[in-house]
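So the structure is just underneath, and the comments pick up after that.
The values are calculated or read from the model by the stated rules, or taken from the named source; none is laboratory data. Because the structure is a prediction, the values reported are computed rather than measured. A quick note on method: Cβ atoms are made from the backbone with ideal geometry, for glycine too, and the neighbour counts reach across all protein chains shown. Side chains are part of the model used for accessible areas, which takes the heavy atoms of the whole protein and leaves out ligands, DNA and RNA. Shrake-Rupley method; radii C 1.70, N 1.55, O 1.52, S 1.80 Å.
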Amino acid sequence: MKQWIDRLRQERTLRPEELRQLLTGCDAETLRYINKQAQEVALRHFGNKIYIRGLIEVSNCCRNNCYYCGIRKGNPNIERYRLNLESILDCCRQGYKLGFRTFVLQGGEDPALTDDRIEMTVARIRQNYPDCAITLSLGEKSRDAYERFFRAGANRYLLRHETYNESHYRQLHPAEMFWKHRMDCLWDLKEIGYQVGCGFMVGSPEQTVDTLYEDLQFIRKLQPHMVGIGPFIPQKDTPFGEKKAGTMEDTLRLLSIIRLLQPHVLLPSTTALGTIHPLGREKGIQAGANVVMPNLSPVAVREKYKLYDNKICTGDEAAECRHCMARRMESVGYKVVVNRGDYH
Ligand code: SAH
């Protein structure tokens, strides 16, 4: 298997059978080997520098009913909130002082967050922080809306494709959601000029080696600037509340494979990975990730933005999260840097 891993690193190709073996028949030593190779590639491109993004969870209201997601419309056991412009700007102010130069506005597809309102929010942040990157992660919008946000100053957009296999998509989403629409959004975003992030959950229900292979093929086709992956974690008030969570090992394997396939890609070590294992995020970095996204949301709302159960860092102030992250990265030999961390 080491030969394939070497070839994956050199030629950036992987056959379906090899992926199967890497995911299902790989012992601890092989896992260490692929993680090591991917970490070396990341070190070569980014040094021991880790980019940080300040995550602001702007709303947990959502018109969609994704089966896996805790903020789905059909979850009655959740107290809904939406941050107003002032509190979003407050988060940015705090974040800027803490050394963040990227703000990520993430939320459900909240009908009250109209295109106008999003555009205005972006414009205000742009005005106050000309030296920062603005990332949006607000779901599927019209092309016109994406263009307006871009003109107002947004630079990046995160929209995980969730799965490239259409029938798998059907198993994760209700009938009123469309795989094709999500894909169109991603291509539109790219054409408009955003730095684009796609991605998927590892171990989502009904995911197979074959659907994962299609995900990797899609990543090669789209050539995104970022790829967000983290383990699926059940949320008890969703239809998938009783399903099994994705594993840390699988997530680390896939992080490494993606790093080897796309050496320059921005690859976060996610909060979900930190949720299933106390050292998950550190291990993610050691498997080839180069980005972390500490939480900048007001503490009062963090518990309410529960995409999945047992989410970490819900009680800590932004400053604590920021410093805790710096310490964690230092513990594995890395340094968190103060800059936008653009794709090159
Ligand atoms: N509404 C936005 C943001 C969604 S939340 C959008 O549509 O893009 C961001 C990501 O969290 C999702 O894309 C999904 O991949 C992930 N997520 C949702 N529920 C999850 C769960 N139960 N476990 C792990 N990740 C989850």
Relative contact order [Cα under 8 Å, 6+ residues apart], region 281-344, whole percent: 32 percent
statement: Net charge (Lys, Arg +1; Asp, Glu -1) of residues whose beta-carbon lies under 10 Å from that of R259, R259 excluded, is 0
field: Length gained when the stretch D27-D237 is fully extended (0.36 nm per residue, less Cα-Cα span)
entry: 72.1 nm
task: Sort by residue number and report every cysteine in the chain with no other cysteine beta carbon within a distance under 4.7 Å.
output: C26, C61, C62, C91, C92, C132, C185, C198, C313, C321, C324
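Taking a 28 Å limit on the Cα-Cα distance, which of the listed pairs K49/K190; K97/K236; K2/K180; K190/K335 fall beyond it?
Values: K49/K190 26 Å; K97/K236 37 Å; K2/K180 37 Å; K190/K335 30 Å.
Cα-Cα > 28 Å for K97/K236; K2/K180; K190/K335; rest within.
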- line: Mean-square fluctuation maximum in Gaussian network of the chain, Cα pairs under 10 Å, restricted to R327, R72, R253, hits R327
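Give me the 1.4 Å probe accessible area per residue for the chain, excluding ligands and nucleic acids, in Å².
41 Å²
What net charge do the residues around Q127 carry, taking every other residue with its C-beta under 14 Å from that of Q127, with Lys and Arg at +1 and Asp and Glu at -1?
Values: positive: R93, R124, R126, R151; negative: E119, D131.
Neighbour charge sum, excluding Q127 itself: +2.
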message: Charges at C-beta only: +1 for Lys and Arg, -1 for Asp and Glu. How large is the resulting dipole of the chain about its Cα centre, in Debye rounded to 20?
response: 700 debye
- prompt: What ranking of M1, M325 comes out by heavy-atom accessible area, probe 1.4 Å, highest first?
  reply: M1, M325
- prompt: Taking 0.36 nm per residue of separation and subtracting the Cα-Cα distance, what length does fully extending D116 through M1 add?
  reply: 36.1 nm
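Report the gain in length on full extension from H45 to F178: 0.36 nm times residue separation, minus Cα-Cα distance, nm rounded to one decimal.
On the way: separation 133, 0.36 × 133 = 47.88 nm, distance 3.65 nm.
Gain on stretching H45 to F178: 44.2 nm.
Kindly provide the GluC sites (Glu not before Pro) of region 136-194 that DSSP labels as loop, not H, G, I, E or B, and whose Cβ sees at most 10 other Cβ atoms within 10 Å.
Numbers: sites: E140, E147, E162, E166, E176, E191; in loops: E140, E162, E176.
For GluC sites (Glu not before Pro) across region 136-194 that sit outside H, G, I, E and B with at most 10 neighbouring Cβ atoms in 10 Å, the list reads E176.
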message: Over the Cα atoms of region 189-344, what radius of gyration and what Dmax do you get, in Å?
response: 15.8, 42
query: Got a sec? Which residues in region 174-194 would a label at E140 touch, if it sits 7 Å along Cα→Cβ and we count backbone N under 19 Å?
result: 174-192
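List the relative contact order of the chain as a percent without decimals, with contacts defined as Cα pairs under 8 Å and 6+ residues apart. Don't skip to the answer; put the middle values down first.
Numbers: 641 pairs, mean separation 87.0, N = 344.
In percent, rounded to a whole number, it is 25.
What is the sum of charges around K283, taking Lys and Arg as +1, Asp and Glu as -1, for the other residues whose C-beta is under 14 Å from the C-beta of K283? Working shown, then result.
Working: positive: R32, K36, R253, R259, R281, R328; negative: E249, D250, E282.
Value of the local net charge: +3.
Which value, in debye to the nearest 20, describes the size of the charge dipole of region 78-197 about its Cα centre when Lys and Arg Cβ atoms bear +1, Asp and Glu Cβ atoms bear -1, and nothing else is charged?
Roughly 400 debye, rounded to the nearest 20.
Just want to confirm a number: the relative contact order over region 72-188, from Cα pairs under 8 angstrom separated by 6+ residues, in percent. The partial results should precede the final answer.
Numbers: 93 pairs, mean separation 26.6, N = 117.
It rounds to 23 percent for region 72-188.
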- request: Would you work out which of N339, L55, C324 lies farthest towards the positive end of the dipole of the chain, given +1 charges on the beta-carbon of Lys and Arg and -1 on that of Asp and Glu, about the Cα centre?
  value: N339
- line: Pseudo-spin-label distance W187 to Q217, built 7 Å along Cα→Cβ, given in nm, is 1.6 nm
- request: Could you state, as a whole-number percent, how many of the C-alpha pairs of region 24-120 are farther apart than 21 Å?
  value: 57 percent
statement: Rounded to the nearest Å, the spacing of the alpha-carbon centers of region 165-201 and region 1-76 is 18 Å
task: Quick one: give the max-minus-min coordinate of the C-alpha atoms of the chain along each principal axis, largest first, in Å.
output: 54, 44, 38
Part-to-part distance (alpha-carbon centres) for region 290-337 and region 84-159, which is given in Å: 19 Å
- request: State to the nearest 20 debye the size of the charge dipole of region 271-344 about its Cα centre, where the only charges are +1 on K and R beta carbons and -1 on D and E beta carbons.
  value: 80 debye
- prompt: Can you tell which of N295, N60, N75 shows the greatest fluctuation in a Gaussian network model of the chain with Cα springs below 10 Å?
  reply: N75
